[in-house]
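Let me begin by presenting the structure, written as structure tokens, before commenting on it.
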Amino acid sequence: MPEGDTIFRTARTLDRALTGKPITAFQSTFPLLTRFNDDQPLAGQFIESIESRGKWLLIHLSTGATLATHMLMSGSWHIYRPGERWQLPRSFMRIVLATSDYIAVAFSVPVAKMLSARELEREFRIPGSTIDVLSSGFNAEEAAHRIATHGHEEIGNVLLHQAVIGGVGNMYKSEVCFLTATNPYCKIEALSQDRIELLVATAQRLMKANVLEDSGNTMVTYAGRNRRTTHASDPGENLWVYGRGGQPCRRCGTLIERHAQGQDARVTYWCPHCQPMFQRRSS
């Protein structure tokens with residue numbers, strides 16, 4: 001599943017190409033979007049702005065409506081010049097949004113809906129700006145407080161709750177826990193407030209570093225090679241622990257462990273030496 005930084009970069013690219021431009025054509029394989037377009041044609045409307053919220057991409061229109069899409073595991077947005085050949089087959093197309101200069105195509109996007117301003121505000125699955133770790137309005141103190149309220153849950157699971165801290169995905173979860181010397185299976189109730197705040201700050205720092213203009217498209221948390229590999233054959237080449245199960249820890253040499261965690265069985269990576277389990281704090 002794309003991490004929040006990937007959605008952020010996608011939204012930034014689309015925003016620069018489409019914002020302020022009138023829509024010239026719209027097409028979708030989603031029946032509800034097609035019906036919306038029949039009732040309120042998008043052609044002639046302007047794109048006000050495009051942003052990411054956690055793992056959602058939001059396209060705000062001049063009428064006040066918002067096209068919200070979620071990539072889940074396989075979705076992606078591409079942008080082309082008119083007449084340019086698409087990189088994926090047309091059968092994968094789910095949405096086409098065109099202006100005079102560009103054509104934005106959503107491929108294999110499984111979730112898409114048109115929301116009014118009020119519906120967007122009330123949609124609990126789309127995090128607000130204070131929850132999205134990459135938003136300028138992100139409130140780290142509130143995020144730490146939300147984490148602390150999940151006392152009986154494991155930190156590795158809580159970091160994936162998009163209503164708690166939006167945008168953090170499975171790869172960042174493992175990396176953040178390693179860099180804060182926190183075992184991902186520790187219960188929240190065993191963590192100090194300082195450690196929870198450190199987890200939030202580290203998540204924000206790592207994700208912001210990976211959306212800089214020159215950061216490329218590959219997630220990097222380990223810079224030991226002093227380079228960024230754009231098309232690395234080894235997914236763990238630029239990471240501390242994720243994707244490195246059975247390999248030596250970059251710090252201590254202990255073999256990295258991997259195990260499915262939580263109800264969704266997301267694979268977690270950690271170093272058993274550098275990330276010890278904490279006992280429950282005494283009251």
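Residue by residue, here is whether (1) in contact (Cβ under 8 Å) with a residue 60 or more places away in the chain; (2) part of a helix (DSSP H, G or I) holds:
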residue	(1), (2)
P2	yes, no
T6	yes, yes
T13	yes, yes
L32	yes, yes
R35	no, yes
L42	no, no
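Evaluating F124 against the criteria (1) at pLDDT 95 or above; (2) aromatic (F, W, Y); (3) out of contact with any strand residue (DSSP E or B) (no Cβ under 8 Å at 6 or more places or on another chain) leaves one unmet condition, (1).
Scan the stretch 173-186 for residues that are assigned to a helix (DSSP H, G or I) and within 13 Å of V158 (Cβ to Cβ) and report the count. Write out each step before concluding.
Let us first name the residues in the stretch 173-186 that are assigned to a helix (DSSP H, G or I), namely 173-179.
Now narrow it down to the ones that are within 13 Å of V158 (Cβ to Cβ): 173, 176-177.
Number satisfying all stated conditions: 3.
Can you find even one residue in the stretch 46-63 that is closer than 16 Å to I95 by Cβ, touching a Pro at 6+ places or on another chain (Cβ under 9 Å) and surrounded by fewer than 21 Cβ atoms within 10 Å (Cβ to Cβ)? Step through it out loud before you land on a result.
Of the residues in the stretch 46-63, the ones closer than 16 Å to I95 by Cβ are 47, 50, 56-61.
Pick out the ones that are also touching a Pro at 6+ places or on another chain (Cβ under 9 Å) and you get 47, 56.
If we keep only those that are surrounded by fewer than 21 Cβ atoms within 10 Å (Cβ to Cβ) too, we end up with none.
No, the stretch 46-63 contains no residue that is closer than 16 Å to I95 by Cβ, touching a Pro at 6+ places or on another chain (Cβ under 9 Å) and surrounded by fewer than 21 Cβ atoms within 10 Å (Cβ to Cβ).
Counting only residues that are surrounded by fewer than 16 Cβ atoms within 10 Å (Cβ to Cβ) and among the acidic types (D, E), how many does the stretch 137-179 have? Of the residues in the stretch 137-179, 2 are surrounded by fewer than 16 Cβ atoms within 10 Å (Cβ to Cβ) and among the acidic types (D, E). Given the conditions (1) surrounded by fewer than 21 Cβ atoms within 10 Å (Cβ to Cβ); (2) touching a residue at least 60 places away in the same chain (Cβ under 8 Å), and given that S74 satisfies all but one, which numbered condition is not satisfied? The number of the failed condition is (2). Applying the condition of being part of a loop (DSSP other than H, G, I, E, B) and in contact with a strand residue (DSSP E or B) (Cβ under 6 Å, 6 or more places away or on another chain) to the stretch 83-102 and asking which residue is nearest to A17 (Cα to Cα) yields Y102. Going through (1) surrounded by fewer than 17 Cβ atoms within 10 Å (Cβ to Cβ); (2) of a type in the set (A, V, I, L, M); (3) not in a loop (DSSP other than H, G, I, E, B) one by one, V105 falls short only on (1).
For (1) at pLDDT below 95; (2) more than 26 Å from T6 (Cα to Cα); (3) outside any helix (DSSP H, G or I), each residue gets a yes or a no:
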residue	(1), (2), (3)
D194	no, yes, no
L199	no, no, no
D214	yes, no, yes
T221	yes, no, yes
R225	yes, no, yes
H231	yes, no, yes
G236	yes, no, yes
L239	yes, no, yes
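None of R122, R94 is of a type in the set (K, R), in contact (Cβ under 8 Å) with a residue 40 or more places away in the chain and open to solvent by 50 Å² or more (accessible area, probe 1.4 Å) except R94.
Do we find a residue being in contact with a Ser or Thr (Cβ under 7 Å, 6 or more places away or on another chain), on the phi > 0 side of the Ramachandran plot and not in a strand (DSSP E or B) anywhere in the stretch 143-166?
Applying the first criterion (in contact with a Ser or Thr (Cβ under 7 Å, 6 or more places away or on another chain)) to the stretch 143-166 yields 155-156.
This time we only want the ones that are on the phi > 0 side of the Ramachandran plot, so: none.
No, there is no match, as no residue in the stretch 143-166 is in contact with a Ser or Thr (Cβ under 7 Å, 6 or more places away or on another chain), on the phi > 0 side of the Ramachandran plot and not in a strand (DSSP E or B).
Is it the case that G253 is modelled with pLDDT of 60 or more, surrounded by 14 or more Cβ atoms within 10 Å (Cβ to Cβ), on the phi > 0 side of the Ramachandran plot and in a loop (DSSP other than H, G, I, E, B)? So G253 fails the test. Here the stretch 256-277 is the region considered, the condition is being part of a strand (DSSP E or B) and in contact (Cβ under 8 Å) with a residue 12 or more places away in the chain, and the residue that is farthest from N170 (Cα to Cα) is E257.
The values are calculated or read from the model by the stated rules, or taken from the named source; none is laboratory data. Predicted model, so just to flag it, every value in this text is computed and none were measured. Note: ideal-geometry Cβ built from the backbone for every residue, glycine included; neighbour counts use all protein chains shown. To get the accessible areas, we keep the full protein, side chains included, count just its heavy atoms, and leave off ligands, DNA and RNA. Shrake-Rupley method; radii C 1.70, N 1.55, O 1.52, S 1.80 Å.
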